[in-house]
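Notes follow once the structure below has been shown.
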Amino acid sequence: MAKIGLPAEMENLEELLDFVDNEAEKAGFPARRVSEIRLAAEEVLVNIFCYAYPETDGDVSISCFMKEDFFVLEILDGGTPFNIMAAPGPDLSSCLSERYVGGLGIHLIREMATETRYVRDKGQNRLTLVFGKYRQE
């Protein structure tokens, strides 16, 4: 299992995403899927940076590993509890100008990942995103 932990700050975004890219590439995932994994990770991380620690500084850690033929990405933070699974998706039926701003990132994460799990344990948010080599359309 490969792991990285850094302060949950926007200036660390590229380093964290490069870590995810490298691990997905080492796992033999095709370039297109690596890009999708990166996009999902970016959406999660930006949300953590912007909302998880509203009144204090905090950290984020990422673990990557293979389980059978799946790439597993675990993202942990000690910030405000946020269950991505319980968050409402965007209203994709209305026109863009009438939509509430937000929610598209969560929709993208759900679409990109083969499986998504969330648990709050011992003051930590643990989001687990599981990716098959190819996205199921």
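In order along the range 53-61, the Karplus-derived 3J(HN,Hα) couplings, from 6.51 cos²θ - 1.76 cosθ + 1.60 at θ = phi - 60°, round to 10, x, 10, 8, 8, x, 10, 9, 10 Hz, and Gly and Pro are given as x.
The separation of the range 2-29 from the range 48-89, counted between C-alpha centres, amounts to 13 Å. With the highest mean first, a sort of the peptides 41-50, 72-81 on other beta-carbon atoms found within 10 angstrom per residue produces 41-50, 72-81. Partners of Lys122 within straight-line reach, counting aspartates and glutamates whose Cα lies under 19 Å from its Cα and excluding those fewer than 8 residues away in the same chain: Asp57, Asp59, Glu74, Asp77.
Bridgeable lysines around Lys133 (alpha carbons under 18 Å apart, same-chain partners fewer than 8 residues away excluded): Lys26, Lys67. Taking all Cα pairs closer than 8 Å and separated by 6 or more residues, the relative contact order of the chain comes to 27 percent. Within the chain, the ratio Rg/Rh, alpha carbon atoms throughout and Rh by Kirkwood, equals 0.96.
Just so you know, all these numbers are worked out from the coordinates, no wet-lab data involved. Note that the structure is a prediction, hence the values are computed from the model and not measured. Cβ atoms come from the backbone with ideal geometry, glycine included; neighbour counts cover every protein chain shown.
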